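The values are calculated or read from the model by the stated rules, or taken from the named source; none is laboratory data. Note that the structure is a prediction, hence the values are computed from the model and not measured. Cβ: placed from backbone, ideal geometry, glycine included. Neighbour counts: every protein chain shown. The accessibility values were calculated without ligands, DNA or RNA, using every heavy atom of the protein model including side chains. Shrake-Rupley method; radii C 1.70, N 1.55, O 1.52, S 1.80 Å.
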Amino acid sequence: MAGDDLAPVTIAVVDDHPVIHDGVRAWLAASPARVELIQAAGTVEEILTGPGARADVLVLDLDLGETNALGRIPELCADGHRVVVFSFDSDEGDVLTALTAGASAFLNKAEGSAHFVETVLAAAADRSYVSPSTAGAMLADARTDRPRLSDQERNALRWWFQGMSKQSVATRMGLSVHTVNQYISRARLKYGRAGRPGPTKAALLARAIEDGLIRADEVNEYRSLAAAGLDFFHPDPLGRPVSPSGGRRSRFR
Amino acid sequence: MTPVRATSTRAPGRATIGLTPSPRDGRVRHRKRARSVMLDPPAATTFVAAFALRHTAARLASAVHATVLVVALAVGSLVRPPDPVWFGAAMVVLAGWTVVFCVVALRHGLSSWLVAGDTLITATICVSLGPLVPVGTVPNGGGWVSPVIASTLLTIALTQRLAATVGLGLILTGCYLLGAGLASELSAGFGQAWTSLIQITVLSAVMTVIRRAGHDADRLFTAEQRAGHDAEVDRARRADERTQLRMIHATALATLTMIGSGSVASSPSRIRRWAAADLAALRSMSDQSRPARERTRLDQTLLEVVGRHRGQLRISYHPTPCQAPPEVVDALSQAAAEAVANAARHSGADEVTLTLGRAAGVITVTVGDRGRGFDPGPIPRHRYGVRESIIGAVEAVGGAATVDSAAGAGCRWTLVWPAASAPEPAATPVVRHFERGALIAAFVIGGLWHVLNDGMGVAVHWTAYRPPHGGAVSAALWTGYTVIGLLAAARLTRNRPAGRWFAPVAAAILVGGVAVNVVICTGPGVSTWTLIFGNANWAVGVSGWIGILVLWRGRAGGLVALFAANLLVEVVALQIVAPLDRPRLAQWIAAAYGITMLQVVFVVGLRFLQRSGDGAARAERRQNRAHAVRQAANAVHADRRQRYAEIGAAAADLLADLAAGRADHGDATTRHRASVAAARMRRLLAERDDVTDQLLHELRACADVAGRRGVAVDLVAVGTFPPLTVGARRELTETPARLLATARSWARVTVAASTDEVSVGVVVDGVLAEAELAGLAEIQVGREGEGLWLETIWRR
């Protein structure tokens, strides 16, 4: 676990409900992993100008008063923040938009008590953690340019989405938990390829290659994409903006 | 009422939650579209068909003008004009004007000054007939002048109203007679005058029918636009309101979820403060929505109607508690109020009975009196408005209103909502209406032409035809044509397809008749050319008109072939009995042009008519469909509002207990209450579909049942549902529902849908008896931790 390294993992939480800050503190306190909440605030600006700007992981609620923070994700990721989206609303459109925009993970608040710590630890280590709600969104993706998932990947995602434990999924598939995790992570990586490249995506890819998640014949495809992301502005083939308000502003233009 | 609603989205008491735009919802693009539509309500009337007509008219007039120029140059060069200088000048002017006319018409349409200029130039040509055409051609429209007149008449008819068309047409005819008079050939001018009068009549009739059909089509298009706009407005209103409701519930949801999962470590005082704040937000919502909820109670709104007549009229009111979408309540209460007021004014009865019933989802309102009554057949003028407004108001929201009355037997109105849906007719009334109009036009034109022009030709030239039996042959031919025309019309009105033999045989007779007519025009008494170019040779003209009736349902190519065959047969027959010299050929070209042009114009007009009729019919169908969807969506929405209020109230109880310190957030019972309330709220917040999918609807109902037993049911659905058969849906939901019923305190129900696959998964903390487990074995019930797991899958 990355949290067992020398320094604790640091997180900052953007959420306008104080009860959520409270809940996050409770989850962190109950976990043996070393994760430290260094700032909790109601707006992104407070975090960016405060100590939270240096946090390893930025936990972002989408419903911030009158505004939707979905549009902030590309800019935050472009600035090198690892964003974990934390919302009550796991509408598949929002989940996929967040992942395409570069968010490390998407977590429904109702899943928080069970998956929060694991999600932020994975994000801090540039690994992706797929929550059940994210698995559901990936399964239901009906976009024409959606990544193609293998049958095994789809089965793993479906059972994980339904609420099975990883152990049960593994038993049902006749595999080890490790292999199930690999299937799910590989499916998630395919979503990292979609949309505009960025530093968090490149880091995710680098870690995936390091972890041996990607097959040899796929490495070139991923690598060239990651390299392209640091040099060129790579527009979405469908011409859609990555987010409603994020527009096409990019540091990589 | 519909137009008002189209622009007034803030009608008092309806959208009480307000329309604050909020970018909260992820579907920002969708919202923007809805909003921009809201800002641009449709114009009062849309002129789709009128625009298409103008467009067609400009192209048609330009084409006719261009061909007329070619014909005039051809004919003019074949005959020797009396004054070549005048003729040359006239040709230059005509060519120049034709170019100007076509360019302007195609670019900007047929403007009034273009029509005026065209009329002026043609009138000038008519008046200066003497120097332009040889004397002998004056009876037949001076060879090339006749097509020029015809093209101008067409331009006038396409652009002007009936009176102006007839007036300007008569002026042009007068000008021609004046020109003939100046050339001392006044009596010879009457032939062309007659042709012009027939053309004016035909064109006026066709254009009247086309305009009326176009007007109907426009009315339908406008209504469709308005229905679509209303639906957009409704959708935007619902989306905004949903966003507002979700925002209000979000704060309470956060608190309840955290308490439910035991994740709150704060001091009891902070929890009390949060609970109090959440409670205030929820209460503000229920305050806001109260007037809206009252409006949806039809029994209460009708009570107001009763109250309005207190003291003047005894109303015995028999209500049933009844809710309906606000616009339905508005429409039904407005209609009932009208019916009551009408009874008070006209019936003479001192008591009116008002009932409100609801059975199997159908609302029925009756208003009855035992007064004078009336015969519902012929309605007095002053009552027509009342009746229309009652029926119109109810029909506008998808209901039906009927009145049952007889003189002396009282009057009883029955208002029903929703109306029983009638099966869609094979051909909509609009199409039938358009088809009938076009049919009548074709029949009137053919009939008028045949009786006036041809009948007179037969009668006047009876003795001039080729002896011994030329007159009789012509009369027999005329009768034969009449029979074919009537047969064709009869088959069309009875809407029976003609036999396979009918069209070809009739067409052969029509074309053969043309040759026969030419042959009998070679009598000894009168010049053959006078007969050939007069109405003694009538068959070639009417053959096309009757042919239109005969080949009505066939392809356009058949008609074109018939027109061509008529001309070809005539010119070949002429070549045999009386070879054409150059001036005669010129004359024939001009005459053939005059005949064919009108027929082609009619066929083109007909195609336009059918197209706009089709378009109007499709618009009508779309409108009905949009209306049905809108009603369904509004009903779902009203229902959802109700549940928001209920769930808000349930959550409010718990929050009130927490705020007052009566409940402890660490207590297991409180945590479970919070879990159940939060799960319920999450299920509702996840609903965003306007018209609920049936599968999801069933699962939600099961989840609600379990929720009422105190089970916290998370229901997560992703993806877009493909259409499923009832059987497939039952297989997907039946066993999940059984497993859900065994849940003790929590359950997770998931639905993942894509175009090829729908899966339903259930995880519960329940335990199945061994026997039950055996019954479910084939569907793979698995143990999942302490509980059970099950999934059903449908694959395409």
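How much length, in nm to one decimal, is gained on full extension between B:Val505 and B:Ile793, taken as 0.36 nm per residue of separation minus their Cα-Cα distance? Don't skip to the answer; put the middle values down first.
Values: separation 288, 0.36 × 288 = 103.68 nm, distance 6.32 nm.
97.4 nm is the gain from fully extending B:Val505 to B:Ile793.
What distance in nm lies between label points placed 7 Å from Cα along the C-beta direction at B:Arg622 and B:Ser527?
Computed distance between label sites B:Arg622 and B:Ser527 equals 6.0 nm.
Given R₀ = 56 Å, FRET efficiency for B:Leu303-A:Asn155 by Cβ-Cβ distance, to 0.05? Please report the intermediate quantities before stating the final value.
Values: r = 60 Å, r/R0 = 1.06.
Efficiency for this residue pair is about 0.40.
Using 1/(1 + (r/R0)^6) with R0 = 51 angstrom and r between the beta carbons of B:Thr463 and B:Arg59, what's the FRET efficiency to the nearest 0.05?
Values: r = 46 Å, r/R0 = 0.91.
So the FRET efficiency works out to roughly 0.65.
Once you average over the residues of B:715-725, how many Cβ atoms of partner chains fall within 10 Å of each Cβ? Write out the running numbers ahead of the final one.
On the way: counts 0, 9, 3, 15, 7, 3, 0, 0, 0, 0, 0.
Taking all residues of B:715-725 together, the mean is 3.
Looking only at other chains, what is the average number of their beta-carbon atoms within 10 angstrom of each beta-carbon in A:88-94? Mind dumping the intermediate values first?
Numbers: counts 11, 9, 4, 6, 6, 5, 3.
Mean number of neighbouring Cβ atoms from other chains: 6.
Rank by packing, highest mean first: peptides A:42-50, B:503-511, with packing defined as the count of other Cβ atoms within 10 Å averaged across residues.
Values: A:42-50: 16.0, B:503-511: 18.6.
My ranking of the peptides, most packed first, is B:503-511, A:42-50.
Quick one: net charge of B:Ala652's neighbours, Cβ under 11 Å, K/R +1, D/E -1? Before the final figure, lay out the partial values.
Details: positive: B:Arg283; negative: B:Asp278, B:Glu646, B:Asp653, B:Asp657.
Result for the local shell: -3.
Can you give the FRET efficiency for B:His215 and A:Ala30, using 1/(1 + (r/R0)^6), R0 = 56 Å, r = Cβ-Cβ distance, to the nearest 0.05?
Working: r = 75 Å, r/R0 = 1.34.
The value I calculate is 0.15.
Sketch the reach of a paramagnetic label on B:Ser77 as a point 7 Å from Cα along Cα-to-Cβ, and name the residues of region B:552-590 whose backbone nitrogen lies under 19 Å away.
Under cut-off, by backbone N: B:581-590.
Between region B:705-756 and region B:514-567, what's the alpha-carbon centroid distance in Å?
Their Cα centres are 75 Å away from one another.
For B:Val93 paired with B:Glu786, estimate the spin-label separation in nm (one decimal), with each label point 7 Å from Cα along the Cα-to-Cβ line.
10.5 nm
For peptide A:150-159, compute the average count of partner chain beta-carbon atoms within 10 Å of each residue's beta-carbon.
What the average comes to for A:150-159 is 2.
Checking an interface number: how much accessible area is buried between A and B, summed over both chains, with a 1.4 Å probe, in Å² rounded to 100? Intermediate values should be presented prior to the final figure.
Numbers: alone 11780 and 37020 Å², together 45340 Å².
So the total buried area for this chain pair works out to about 3500 Å².
Along the Cα-to-C-beta direction of A:Arg148, a point sits 7 Å from the Cα; which residues of region A:65-100 have their amide N less than 14 Å from that point?
Within reach of a label on A:Arg148: no residues.
Cβ neighbours within 10 Å, averaged per peptide: list B:338-351, B:203-216, B:305-318 in order, most packed at the top.
Numbers: B:338-351: 18.7, B:203-216: 20.7, B:305-318: 13.7.
Result, highest mean Cβ count within 10 Å first: B:203-216, B:338-351, B:305-318.
How much length is gained on full extension from B:Ala276 to B:Thr320, taking 0.36 nm per residue of separation minus their Cα-Cα distance?
Numbers: separation 44, 0.36 × 44 = 15.84 nm, distance 3.80 nm.
My answer for the length gained is 12.0 nm.
Taking a probe of 1.4 Å, how large is the accessible area per residue of region B:640-689, in Å²?
Values: 1900 Å² over 50 residues.
Averaged over the residues of region B:640-689, the accessible area is 38 Å².
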